[in-house]
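The next block holds one structure in the form of structure tokens; read it before the comments.
Since every read-out is calculated from the coordinates, none of them should be taken as a lab result. All of these numbers come straight from a predicted model, not from anything done at the bench. We place every Cβ from the backbone using ideal geometry, glycine too, and count neighbours over all the protein chains shown.
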Amino acid sequence: MPEHPDTAPYDALLLLSFGGPEGPDDVIPFLENVTRGRGIPRERLKKVGQHYYLFGGVSPINEQNRVLLDALRKDFAEHGVDLPVHWGNRNWAPYLTDTLRRMVLDGHRRIAVLATSAYASYSGCRQYRENLADALATLAAEGLALPRVDKLRHYFNHPGFVRPVIDGVLASLADLPGEVRDGAHLAFTTHSIPIGAADTSGPAPGHGHGGAYVAQHLDVARVVAAAVTEETGVEHPWELVYQSRSGAPGTPWLEPDICDHLESLHGAGAPAVVMVPIGFVSDHMEVLYDLDTEATAKAAELGLPARRSPTVGADPRFAAAVRDLLVERAATERGEPRERCALGALGPGHDLCPIGCCPARAPRPAAAGADSPYA
């Protein structure tokens, strides 16, 4: 029987994602959307666009979001959550502003938002909140009644996110040849960001030395590595490494890069490696190109047996975690106590981003935080 969990005061859930091109003609306009205001030359965009053209000019992220939408709707229906789920992107159709406008015209006034980014950082959290503020400003200029939008907390350490990662690592280890399996190293990967952005990620009291961004990834990596040891009886060496750097050469970014790390592992005599993309919710372009193409080619060049474990994607346990986060936040908004699920040492994150959390280089209004101009 359905549980009929209470999601009041929310009347809708918005899945907020990055977006991606869905054909060759979309690639450059999409990249222009992503980099608008940063002065990146068109020639550089064309070079980056080649990554997409290798896959027919189509990023997998939109289709993966459609699959996740279906998984969320299925989970909600099976558990008695009578709440519509909508989808909007920052950089490509369906655009956030268009989706939010339709939701308002449909009568939605209290909207919970799930961003497809699990960790704290400017680009992974506050920039989404800035995009929400931009969309709300547009709707206000159109004379529409503004909804209240609340972003659900970071879910990097929710069991419904972490357990699928653990199972993916176990499956990848099992897929390695038996003679190298027990000696395999785990390379936990995430998107590199400028060191300055990492150091100021999360609430201001925790700024410095990688901030919340690095601390959260390390915490999850420890949980996953410990679970793998417990379930296999083998302790695998591991390290947090980075990928997908895209900034100016003179700006220091988080290191080591995954390909450099593979060379180091090979030089140190590691027999095999499993690449674990804990920084990504789904197998989008950074995973398909930077890991499955570039890093896999580097491992083959080195003669280093390598596997890439899957991302969480639309795993039913992740869909259930989203439901849990929604019901948890709804209870909080009603002033009711509810247990908050979290693994690792850091505990559950905040509901409301405090002032000074993941600051932008140039201050801009951001919704769903303590400094939001929209109540």
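Only one residue of Cys353, Val281, Thr232 has its Cα farthest out toward the positive end of the dipole of the range 226-373, where Lys and Arg carry +1 and Asp and Glu -1 on Cβ, and that residue is Cys353. Placing a label point 7 Å from the Cα of Glu63 along the Cα-to-Cβ line, the residues of the range 1-43 whose backbone N sits under 18 Å from it are 18-27. How much FRET efficiency would the formula 1/(1 + (r/R0)^6) give for Val180 and Glu142, where r is the Cβ-Cβ distance and R0 is 56 Å, rounded to 0.05? About 0.40, to the nearest 0.05. Shown here for the range 1-63: trypsin sites (Lys or Arg not before Pro) in loop regions (DSSP other than H, G, I, E, B) with at most 16 other Cβ atoms within 10 Å, namely Arg36, Arg38. The aspartates and glutamates within cross-link reach of Lys151, meaning a Cα-to-Cα straight distance under 13 Å and a gap of 8 or more places when in the same chain, are Glu130, Glu328, Glu333, Asp351. The peptide list 333-346, 159-172, 238-251, 142-155, put in order of mean Cβ contacts within 10 Å with the highest first, becomes 159-172, 142-155, 238-251, 333-346. With a simple spin-label model that places each label point 7 Å from the Cα along the Cα-to-Cβ direction, the separation between Asp70 and Thr229 comes to 4.0 nm.
With just the Cα atoms defining each centre, how far is the range 321-375 from the range 1-43? Give it in Å. Comparing the Cα centres of the range 321-375 and the range 1-43, I get a distance of 20 Å. A Cβ-based charge dipole, computed about the Cα centre of the range 159-308 with Lys and Arg at +1 and Asp and Glu at -1, lands at about 200 debye. Based on DSSP H assignment, which helices of the chain show an axial Cα extent of at least 15 Å together with a mean Kyte-Doolittle hydropathy greater than or equal to -0.5? Flagged H segments are 127-141, 159-175, 211-232, 316-333. Straight-line reach from Lys46: which aspartates and glutamates have Cα under 15 Å away, leaving out those fewer than 8 places along the same chain? Partners found: Asp25, Asp26, Glu32. For the range 1-101, the square roots a ≥ b ≥ c of the C-alpha gyration tensor eigenvalues yield an a/c of 1.5 or more together with a/b exceeding b/c, which makes the shape prolate. The slack in the chain from Ala370 to Thr296, taken as 0.36 nm per residue of separation less the alpha-carbon distance, amounts to 22.4 nm. Remark: the chain carries a charge dipole of roughly 1100 debye about the Cα centre, counting +1 on each Lys and Arg Cβ and -1 on each Asp and Glu Cβ. Between the C-alpha center of the range 147-219 and that of the range 233-251 there is a gap of 11 Å. One decimal place: the segment Asn33-Asp82 gains 14.2 nm when fully extended, by the rule 0.36 nm per residue minus the C-alpha distance. Classification of the range 159-308 by its C-alpha gyration tensor yields an oblate form. The axis ratio a/c (a ≥ b ≥ c) is 1.5 or more, and b/c is at least a/b. The stretch between Gln50 and Asp25 holds 7.8 nm of extra length on full extension. This uses 0.36 nm per residue minus the Cα-Cα distance. The alpha-carbon atoms of the chain define a convex hull whose volume equals 149 cubic angstrom per residue. Radius of gyration (Cα atoms) of the range 245-301, expressed as a multiple of 2.2 N^0.38 Å: 1.21.
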